[in-house]
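Structure, as structure tokens:
The values are calculated or read from the model by the stated rules, or taken from the named source; none is laboratory data. Given the structure is predicted, the values throughout are model-derived calculations rather than measurements. We place every Cβ from the backbone using ideal geometry, glycine too, and count neighbours over all the protein chains shown. Accessible surface is based on the protein model in full, side chains and every heavy atom, while ligands, DNA and RNA are left aside. Shrake-Rupley method; radii C 1.70, N 1.55, O 1.52, S 1.80 Å.
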Amino acid sequence: PGRWGSSNMAAPVQARKTVEFFYDVLSPYTWLAFEVMCRYQQKWNIDLKLRPFFLAGIMKGADNRPPAMVPAKGQYMTKDVLMLTDMYKVPFNWPSNPTEVMFVKGSVNAGRFLTTVDMNCDQYLEELTRQLFLRIYYRDEDITEPASLLSAAMKAGIPEDLAKQLLSTIKDQTVKDRLRETTQTALDYGAFGSPTIVAHVDGKPKMFFGSDRFELMAHMLGEKWHGPLPELAKAKI
Amino acid sequence: MADADKKVIELFYDTISPYSWIAFEVLCRYRSRWNIDLRLRPFSLAAVVTETGNSPPGRVPAKLKWMGRDLMRQAHFYKIPFRGRKDPNNDMANKDNIKPMFLLTAVSMDCPQHLERLTRELWLRFWSREEDITQPASLEAAATAAGIPADQTAALLAKLQDETVKARLTETTQEALRHGAFGAPTIVAHVGGKPHMYWGSDRFLLIADVLGEEWQGPLTELAHL
């Protein structure tokens, strides 16, 4: 028998299931879900595709409102995020002015920067995402100014020249269009917030919202949920 | 295990809340695995929503659509026979939905040993068989199905409009609000003399953690249904 003899006819490895993670770094619960999904890339037979989108566009497209507009709910979520990030070992701190961060400053430049990195050198997308989360939700730093985005990029390991070049593209029509398209794709999947996770199972897209459906997602992917796996925490502070 | 060691967990719930059914079944199953004393606290979700300036989640079409799918998936995962309703928004907004809560309150006051089964029967009617839960005949049928003797059922139905029953439902609802409730289910775990409030049926990892227990999954082998 030649190279392709019977000894090579092993049982085929099951194809990885694609899991699309649509996200905006403006959302604290999104950071939780992001870190969990990154940890589970190693544990589950999945192909994780990060899809930066624009949360303000999602809220508008779905005619939704931010949850913290109900005071009692806002108070609960403040504590809930702290309890979850502590358990999941995500180094979260509430910014001194969350309203300003979330509703005034926003995330359009960050979203476009993530998008251009996704288009041009997606090997940095995971770590850039993490560095942006660390800026906004660990160190209470800006994520809107070019200097802020450059700093995050370099901390993510993007060479300075490349980072500056990428930064110069964030107002390009192609980048704006791509962010808009990704946002629309999420809306077409039924998104109304962040994170929106779409697991492709047997050719069918299964949409999940939030950071608290992983056990169910595992069940539907035919995988096992081992909890938040804090021992695999990647966010270095 | 001495009862005094058991940690009290209160479940504030309303029949019109499908996620409350999930939390209810999970906590009932976990009584045999966790060292807990589960206290069922029927309250008025409508009153909580009004008081906190909240709005029903079905206001956002994409969210309502997702919740329908989410509930069917969770029902399958937890082995709970939730089947939904054709027009949930409309049915949940019916002001007479307070009546089953008066009945549950009266049961909690007079014959609490029937509270668990009656709670389940009301959910089966409303969310599994798309039946009515507001008319006296419906409430009577639920009470009978829950094994409440005929004379007790008649007595309970006779006192649904009593001030004592209304006052008790209001008190329970106010208690939930004081814990910071804004929706259903609201779960309060009492640990180390402190109340720990959780909203929804998807915080059992945190609840297990605060109780010093382990989450063991949906425990479908302990399903009562």
Checklist entry - Going by the structure shown, is B:PRO81 buried (at least 20 other Cβ atoms within 10 Å of the Cβ) and at pLDDT 95 or above? => result no
Checklist entry - Quick one: A:LYS73 ticks every box in (1) of a type outside the set (Gly, Ala, Ser); (2) more than 14 Å from chain B (Cβ to nearest Cβ); (3) more than 17 Å from A:TYR23 (Cα to Cα) bar one, so which box is it? => result (2)
Checklist entry - Restricting attention to segment B:181-219, which residues are part of a loop (DSSP other than H, G, I, E, B), over 15 Å from the mean Cα position of the chain (by Cα) and buried (at least 18 other Cβ atoms within 10 Å of the Cβ)? => result B:ARG203, B:TRP215, B:PRO218
Next on the checklist: I'd like to check something: does segment B:125-148 contain any residue that is of a type in the set (Val, Ile, Thr), open to solvent by 60 Å² or more (accessible area, probe 1.4 Å) and in contact with a helix residue (DSSP H, G or I) (Cβ under 8 Å, 6 or more places away or on another chain)?
Outcome noted: yes
Checklist entry - When you go through (1) assigned to a helix (DSSP H, G or I); (2) touching a helix residue (DSSP H, G or I) at 6+ places or on another chain (Cβ under 7 Å); (3) of a type in the set (Val, Ile, Thr) one by one for B:THR164, which number turns out not to apply? => result (2)
Checklist entry - Is there a residue in segment B:102-119 that is within 13 Å of the chain's Cα centre (by Cα), surrounded by fewer than 20 Cβ atoms within 10 Å (Cβ to Cβ) and among the acidic types (Asp, Glu)? => result yes
Item to check | Residue among B:PHE43, B:PHE24 that is of a type outside the set (S, T, N, Q), farther than 22 Å from B:LEU222 by Cα, crowded, with 20+ Cβ neighbours inside 10 Å and touching a residue at least 12 places away in the same chain (Cβ under 8 Å) | outcome: B:PHE43
Checklist outcome for this item: When segment B:36-59 is checked residue by residue, the ones that are in contact with a helix residue (DSSP H, G or I) (Cβ under 6 Å, 6 or more places away or on another chain) and part of a loop (DSSP other than H, G, I, E, B) are B:PHE43, B:SER44
Checklist entry - Among A:LEU32, A:LEU48, A:LEU26, which is the only one that is assigned to a strand (DSSP E or B) and either open to solvent by 40 Å² or more (accessible area, probe 1.4 Å) or touching a helix residue (DSSP H, G or I) at 6+ places or on another chain (Cβ under 6 Å) (or both)? => result A:LEU48
Checklist outcome for this item: If you go through A:ASP24, A:ASP86, A:ASP80, the only one that is under 30 Å from A:ASP172 (Cβ atoms) and among the acidic types (Asp, Glu) is A:ASP24
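Suppose we filter segment A:58-70 for residues that are more than 7 Å from chain B (Cβ to nearest Cβ) and at pLDDT below 95; how many remain?
Going through segment A:58-70 one residue at a time, the tally reaches 5.
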